[in-house]
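Visitor: Right, I'll just put the structure down here and ask away after.
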Amino acid sequence: MSIEETRDKILLAMLPHVAFDGWTRRSLGAGVAAAGFPPEMALRAFPNGMEDVICHWSIYSDRRMLEGMERLNLDAMRVRDRIAAGVRLRIEVNKPYREAVRRALSFLALPLNAAIAARNTYNTVDAIWYAAGDTSTDFNFYTKRGLLVPVYVSTVLYWLGDESEDYAATWAYLDRRIDDVMKIPKIQARIQDAIGAFVPSLTSRRRGRGFRRRRTA
């Protein structure tokens, strides 16, 4: 069994305990025992404790999300629908562990864990864009991911408080947020067109004024 498989097994055995004991060494110990490993495996699999466990949970969840996206007919979907599917799948992966997600967010909200939260979130939105077929390498690469971060994070937060049937309200919220984001490139394009039309005219007027000053000097 590889170290990744060992971590997966411990994580899945640990998650039910997190709902009661939080992201603690007690939960980790319970997960190690439930997975059938000796106590020392906790340190061998996750030498940095909860930081390693939560990072691996994010990696595991991203992997499951990508597996789900591979089963979709992405070629027949619009880009915004691919992105929505990715966010939804990423959330649904942990539907049985909603309390563990809530406790993880509290853990990651601590100032000392800000870097972990940022790294995990970036890796998730990057995986979603990659699975959606994004091949950009210029500034758009970072813009797309930057725009998706608040969509993903706010949707997770909405989902944690959603009591609607099958989380219908969450998916409606997700669609609205993505619609808002998809408008941004169009707005930026209109601004760029306006600037593009204005700058040559302004430059021409400045040159004209400079020419007249030289003639009268």
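Rule-based calculations on the coordinates, nothing more; no lab input. Not measured: the values here are computed from a predicted model. Please note: Cβ atoms are built from the backbone with ideal geometry, for glycine as well, and neighbour counts cover all protein chains shown.
Visitor: Among LEU174, LEU108, LEU12, rank each residue by its count of other Cβ atoms within 10 Å, from fewest to most, as a rough exposure measure.
Guide: Starting with the residue having the fewest Cβ neighbours, the order is LEU12, LEU108, LEU174.
Visitor: I'd like the per residue volume of the convex hull spanned by the Cα atoms of segment 50-185, given in cubic angstrom.
Guide: Dividing the Cα hull volume of segment 50-185 by its residues yields 115 Å³.
Visitor: Here's another thing I want to ask about it. Viscosity 1.306 mPa s, temperature 10 °C: give me the Stokes-Einstein translational D for segment 1-47 in µm²/s, with Rh taken as the Kirkwood radius over C-alpha pairs.
Guide: Values: Rh = 10.2 Å.
In µm²/s, the coefficient rounds to 156.
Visitor: What FRET efficiency would be calculated for the residue pair ALA19, ALA76, taking the C-beta separation as r and a Förster radius of 30 Å, to the nearest 0.05?
Guide: After rounding, the FRET efficiency stands at 0.20.
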